[in-house]
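*Asks:* After the structure tokens below, expect a handful of questions from me.
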Amino acid sequence: MEKLMTAQQVADNLGMHVKTLYRLIRHNHIALTFVRKHGRMIAFRPSDVERYLGSHEVVRDGAGPRKPRKTRPGFLSDEQAQLFFEGLPMLEKFTGQEEEDYLSGKRKKESFPADYFHK
């Protein structure tokens, strides 16, 4: 007759908290057979625990399909930036002098027409 394992020992072998083991057993989410000892105490046969661990072993060899990496947005090249800003209406309304005045602070936002800036 083999020596029985306590719930704490089985939980340690499975890498989980003993309360998690009890919950999985109570909800029948883990296929482990147990022996009910006196009262509410339960114990497990080591051979049953080893069989459970052996049936849930996962072996990976790395030969599966690889997920494509997500590319992070980087800086735009000069050509990409020109294409991006080409269709914006704001750039079509600026003249060279207006842009300089606005950037230098000589001309305030309120002095532009109401539809000039996007909200």
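Bear in mind that the values in this text are calculations on the coordinates, not laboratory data. Predicted model, so just to flag it, every value in this text is computed and none were measured. Here Cβ is always computed from backbone atoms with ideal geometry, including for glycine, and neighbour counts include all displayed protein chains.
*Asks:* So which trypsin sites (Lys or Arg not before Pro) in segment 1-105 end up in coil per DSSP with only 16 or fewer other C-beta atoms within 10 Å?
*Replies:* In loop regions of segment 1-105 (DSSP not H, G, I, E or B), the sparsely surrounded trypsin sites (Lys or Arg not before Pro) are Lys3, Lys37, Arg40, Arg60, Arg66, Arg69, Lys70.
*Asks:* Rounded to the nearest 0.05, what FRET efficiency do Ala31 and Lys3 give with R0 = 22 Å and r taken as the Cβ-Cβ distance? Could you check?
*Replies:* FRET efficiency, Ala31 to Lys3: 0.50.
*Asks:* Given a Förster distance of 41 angstrom, what is the FRET efficiency for Asp12 paired with Phe75, based on the Cβ-Cβ distance and rounded to 0.05? Please list the in-between numbers first.
*Replies:* Values: r = 52 Å, r/R0 = 1.26.
Computed FRET efficiency for Asp12 and Phe75 comes out at 0.20.
*Asks:* Okay, moving on. Could you list the chymotrypsin sites (Phe, Trp or Tyr not before Pro) in segment 10-88 that lie in coil according to DSSP, counting only those with at most 16 other Cβ atoms within 10 Å of their Cβ?
*Replies:* Passing sites in segment 10-88 are Phe75.
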